[in-house]
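Student: This is the structure I want to talk about, given as C-alpha cells.
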Amino acid sequence: MAVSVDEAVSTGPTRDHTPPARRLGGRGRSVLEVALLTVLAVVMLFPVLWMIETSIKENRDVYAIPAKFFDFKITLEHYKDVFVDPDGGRSALSVAFLNSVVVAGVSTVLATVLGVPAAWAYSRFAVKAKKDQLFFILSTRFMPPVVVVVPIFLMYRQVGLIDNKLGLILIYTAFNVPFTIWMMKGFVDEVPAEYEDAAMLDGYTRLQAFRLFTLPLLVPGIAATAVFALIFSWNEFVFATFLTSSDDVRTAPPAIAGLIGGTTTDWGLVAAASVVFALPVLVFAYLVRKHLIAGVTLGAVRR
Amino acid sequence: MAFISPAMLLLLAMSVFPLLWALYLSFTDYSATRGGPANFIGFGNYTAILTSAQVHTRALTTLIYVVGAVGLQTVLGFGIAYLISRRTHGRGVLTTLFLVPMMLSPVVVGLFWRFMLDAQFGVVNSMLGSVGLGQVEWLTRQRTALLSLIVVDTWQWTPFIMLIALAGLTAVPKYLYEAASIDRASEWFRFRTITLPLVWPLLLIAVMFRAIEAFRLFDLVYILTNGGPGVSTETLSFHIYKVAFLGFNTGTASAYGILMVLVVIVLTQFYLRYLNKLKEG
C-alpha cells in the first residue's frame, strides 16, 4: 500500500494506536484536514476580528497589557467620533468618506461609459492590431503608481487640478478603463454575435441592435465590472495621498492614514474608521463573488 | 473607431503622455521645487542610478521582498486551496471567509498590522508573552521589519493565490482521478501527475501577477514601516517617492521611474504572452 505525504503526516499524532488509525485512515486524515483548515481560517480572520473588537473597546482596554480578548466594556464612542466632530458638527473623516463616495462613484460611471462600448467594439469588429491594442491597454494598468504620480503631479500643477476632486476622478477613470475593457470584453464574447446579426437583418442599425438586444444581456456583467471598479477606486491610496491635501477634497484612505503620526494615536478611532471604510467593500465583494476571479485578475482569468 | 477612441484618448492623456513627460524629464536636471529651466544632461541620471550603491540596496530589498512574499503566498495559498477542494461541505463559506483580507485597502491592512505588531501594546507580542516567549520589536529592528512586511503582504494576498488555485483544482476532471484510482495509483502519484500539471499553468498566472504587483509595492511600506528602520524596508517604489517628493530631484526620480517601468513592461509582456498561450492552448 502506498503512503502519501499527507497520510504519513496525519498518522503521526495517533501513532500509539496504529491499528484503528489505519482502519480509520480516511476519517482520521479528514479530521486533521478540517482542523488544519480551521486553524488557518482563524489566523487569516484574526486581524479582522481584532480590528472589529478594538473599534468597540474603551480606550483603557485598547491599550491593556496583556491584551484583553473577551472581558472588555463595549462602547460605540469611537464610531461616534468617526462621524461627529468633538466640537459638534461633521467630522473631517465623515467629509472624507463623502469625498470617497463622490470620487469613486463618478470615476466608476465614467470608466463604464467609456469602457463598455470599447469592449463591445473589440469583441465584435475586426480592429487593426487588436491584440496589440488590448495588450497596450492592460499594460497601462500595470504602471507603478509612484512612477506615474510624478509627471501627473507636474501636469496637474499646470492645469490647476492639484487638490481637486476632478483630478482624482480623471486618474481613477484612466486606471479603471483598462480593467473595464478587459473584463467587459469577456462578457460581450459570451453573448452570441448572431443576435445582433439577426436584428440587423430585421432592419435595425448595428447600434440599435446592440442597445436593444445585447445590452440587456450585459447588465449583470456591467454591474459586476462596475462594482470592482468602485472597489479599486475606493481603496486607492497613492494618488489620493499625493494629489490632494485639504480636508474638503481628501478621500478616506489618506484621511484614515492621517490619523496616525504625532505622538499618540487613537487606535480605537483608527479601528472604527477602518471598519466603516471596509464594510461596504466586503458587502460589495460578496455581491460579485461569482466574478471574483475575473475581477481580481483584471479580467485576464475567467472560469 | 468611434467606440474605442474616447477610451484610448483618455489612456493616451493620463498614462502615455505623463510617461513621455517623465521620459523627457529623465534626461534633464529639472527640480519641481527649484523651478527654472530644465537643462539637458543626457544619460547622466541613468548612469547615476544604475551605478548607485543606494539603488542596489533597494533592488536587493525589493527582490527579497518579492521572492519571500510571493513564495510564501504561493505555498500557503495552494495548500489552503488544496485542503478546501477536498471538502464537500461548506466550501462556499470557507472560501468567502478566506477571501476577506484580499478585499481590504492596503491602508487598512497596513494600519492594523502596525497596531497589532506594536512592541508595547501590540496583540502579537501579548500573545507571545502569554506563551512564555520574548517580546519582539517587529517594526523597529532591521531584520524583523522586512520580515513583518513579508508576513503582512502574505496575509493579504494568500487568498488571491488560493482563489485562482481553487479554480484550477475544481476544474480538474473527476474521471482522471477515477481512472487513476482504478489503476491503484498512489495519492502522491495522482497529485504529481494529474493535479499539479493541470493546475500549474493557472497557478503560474497568479504567481506572475502577484510578482508584478509586489515589485511595484508602495502603500504598504509607506503605512507599515515608512521605509525604516534606517532604509531596511525601502523598496524601489518607496525610494523613488523619496527622491521625488523629499529630495525634489524630479529629473533623477523620472529616470528611476522609467527604469522601473521598463522592468514592469518586460514582466507584463511575459505575463501576457503566457496568458495568451494558455487561452489558445
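The values are calculated or read from the model by the stated rules, or taken from the named source; none is laboratory data. Here the structure is a predicted model, which is why all the values come from computation and not from measurement. As a convention, Cβ positions derive from the backbone with ideal geometry for all residues, glycine included, and neighbour counts pool all protein chains shown. Side chains included, ligands, DNA and RNA excluded: accessible areas come from the protein's heavy atoms. Shrake-Rupley method; radii C 1.70, N 1.55, O 1.52, S 1.80 Å.
Student: Among B:Val199, B:Val124, B:Val109, determine the one that fluctuates most according to a GNM of chain B built with springs between C-alpha atoms less than 10 Å apart.
Tutor: Comparing B:Val199, B:Val124, B:Val109 in a Gaussian network model of chain B, the most mobile one is B:Val124.
Student: Keeping every protein chain in place, order B:His56, B:His239, B:His89 by accessible area at 1.4 Å, biggest value first, i.e. largest first. Don't skip to the answer; put the middle values down first.
Tutor: Details: B:His56 100, B:His239 15, B:His89 155 Å².
Ranking B:His56, B:His239, B:His89 by accessible area, largest first, yields B:His89, B:His56, B:His239.
Student: With the cut-off at 23 Å, tell me which of the pairs A:Lys128/A:Lys185; A:Lys57/A:Lys80; A:Lys185/B:Lys277; A:Lys165/A:Lys290 have Cα atoms farther apart than that.
Tutor: On the way: A:Lys128/A:Lys185 16 Å; A:Lys57/A:Lys80 13 Å; A:Lys185/B:Lys277 18 Å; A:Lys165/A:Lys290 32 Å.
Beyond 23 Å between Cα atoms: A:Lys165/A:Lys290.
Student: Now for a separate question. Report the dimensions of the protein assembly as shown along its three principal axes from the alpha-carbon atoms, largest first, rounded to Å.
Tutor: Largest first, the protein assembly as shown extends 83, 71, 54 Å along its Cα principal axes.
Student: For the stretch A:141-174, state which residues have at least 50 Å² less accessible area in the presence of all protein chains than in their chain by itself, taking the probe as 1.4 Å and leaving out ligands, DNA and RNA.
Tutor: Listed by number, the residues meeting the 50 Å² cut-off are A:Phe142, A:Met143, A:Pro144, A:Val146, A:Val147, A:Val150, A:Pro151, A:Leu154, A:Met155, A:Ala174.
Student: For A:Lys57, enumerate residues with amide H under 5 Å from its amide H, sequence gap 5+ or separate chain, H modeled in the peptide plane.
Tutor: Placed amide hydrogens put A:Thr75 under 5 Å from A:Lys57.
Student: While we're on this one: Could you give each residue of the stretch A:204-219 its phi-based ³J(HN,Hα) in whole Hz, using Karplus coefficients 6.51, -1.76, 1.60 with θ = phi - 60°, and x for Gly or Pro?
Tutor: 6, 6, 4, 5, 4, 4, 5, 5, 8, 10, 7, 3, x, 6, 8, 3
Student: Still on this structure: With Cβ to Cβ distances under 14 Å as the rule, what net charge do the other residues near A:Pro145 carry (K, R +1; D, E -1)?
Tutor: Neighbour charge sum, excluding A:Pro145 itself: -1.
Student: Per-residue mean of other chain beta-carbon atoms within 10 angstrom of the beta-carbon, peptide B:110-117? Intermediate values should be presented prior to the final figure.
Tutor: Working: counts 3, 12, 10, 1, 4, 11, 7, 0.
Partner-chain Cβ atoms within 10 Å, mean over residues of B:110-117: 6.
Student: Using only Cα atoms, locate the centre of the stretch B:63-94 and the centre of the stretch A:73-133, then give the distance between them in Å, rounded to an integer.
Tutor: 29 Å
Student: If you don't mind, there's one more thing I want to ask. Rounded to the nearest 500, what is the 222 nm mean residue ellipticity of chain A from helices alone, with -39500 (n - 2.57) per DSSP H run of 4+ residues and division by all residues? Numbers along the way, then the final one.
Tutor: On the way: 16 runs with 211 residues, N = 303.
For chain A, the value works out to -22000 deg cm²/dmol.
Student: To continue, here is another question. Around B:Thr193, under 14 Å between beta carbons, what's the net of Lys plus Arg minus Asp minus Glu among the other residues? Before the final figure, lay out the partial values.
Tutor: Values: positive: B:Arg184, B:Arg190, B:Arg192; negative: B:Asp183, B:Glu187.
With Lys, Arg at +1 and Asp, Glu at -1, the net is +1.
Student: Can you list the residues, at least 5 places off or on another chain, whose amide H is less than 5 Å from the amide H of B:Thr28, using H built in the peptide plane?
Tutor: B:Ile41
Student: What do you get for trypsin sites (Lys or Arg not before Pro) in the stretch B:114-211 restricted to DSSP loop and a cutoff of at most 13 other Cβ within 10 Å of the site's Cβ?
Tutor: Passing both the DSSP loop test and the Cβ count: B:Arg184.
Student: While we're looking at this one, here's another question. How would you classify the stretch B:52-280 from its alpha-carbon gyration tensor, with a ≥ b ≥ c the square roots of the eigenvalues: rounded for a/c under 1.5, else prolate if a/b is greater than b/c, otherwise oblate?
Tutor: Details: a/c = 2.65, a/b = 1.45, b/c = 1.83.
Taking the square roots of the gyration eigenvalues as a ≥ b ≥ c, the stretch B:52-280 is oblate.
Student: Rounded if a/c is under 1.5, else prolate if a/b beats b/c, else oblate: with a ≥ b ≥ c from the C-alpha gyration tensor eigenvalues square-rooted, which is chain A? Each step should come with its number before you reach the end.
Tutor: Numbers: a/c = 2.38, a/b = 1.16, b/c = 2.06.
Note, shape of chain A comes out oblate.
Student: Okay, moving on. Work out the mean other chain Cβ neighbour count within 10 Å for the residues of A:293-299 and drop it here as an integer.
Tutor: On the way: counts 7, 0, 1, 10, 8, 1, 0.
The per-residue average across the peptide is 4.
Student: So what J values fall out for the stretch B:77-89 if you push phi through Karplus, 6.51 cos²θ - 1.76 cosθ + 1.60 with θ = phi - 60°, rounded to Hz, Gly and Pro as x?
Tutor: Result, rounded to whole Hz: x, 5, x, 5, 4, 5, 5, 5, 5, 7, 7, 9, 9.
Student: Once the whole set of protein chains is in place, how much accessible area is left on B:Glu280, using a 1.4 Å probe, in Å² to the nearest 10?
Tutor: 130 Å²
Student: Using θ = phi - 60° and the Karplus relation 6.51 cos²θ - 1.76 cosθ + 1.60, list the HN-Hα couplings for the stretch B:34-39 in order, rounded to whole Hz, with x at every Gly or Pro.
Tutor: Those phi angles translate into 5, x, x, x, 8, 8 Hz.
Student: Now for a different question. Non-local amide H neighbours of A:Val84 (under 5 Å, H modeled in plane, Pro and chain starts lacking H): which ones?
Tutor: Distant-sequence amide H within range of A:Val84: A:Ser91.
Student: Now for a different question. Separation of the stretch B:133-189 and the stretch A:210-267 by C-alpha centroid, Å?
Tutor: First find each Cα centre; the distance between them is then 29 Å.
Student: Can you check how the C-alpha radius of gyration of the stretch A:115-253 compares to 2.2 N^0.38 Å, as a plain ratio?
Tutor: That works out to 1.28 for the stretch A:115-253.
Student: With a 1.4 Å probe, how much accessible area is buried between chains B and A, both sides summed, in Å² to the nearest hundred? Let's see the in-between values first.
Tutor: On the way: alone 16540 and 18190 Å², together 26370 Å².
Summed over both sides, the interface buries about 8400 Å².
Student: Peptide B:127-136: average number of partner chain Cβ atoms within 10 Å per residue? The partial results should precede the final answer.
Tutor: On the way: counts 4, 0, 3, 2, 0, 0, 0, 0, 0, 0.
Per residue, the average neighbour count from other chains is 1.
Student: Here's a follow-up. Tally Lys/Arg at +1 and Asp/Glu at -1 over every other residue whose Cβ is under 13 Å from the Cβ of A:Lys165; what's the total? The partial results should precede the final answer.
Tutor: Details: positive: A:Arg250; negative: A:Asp163, A:Asp247, A:Asp248.
For residues surrounding A:Lys165, the net value is -2.
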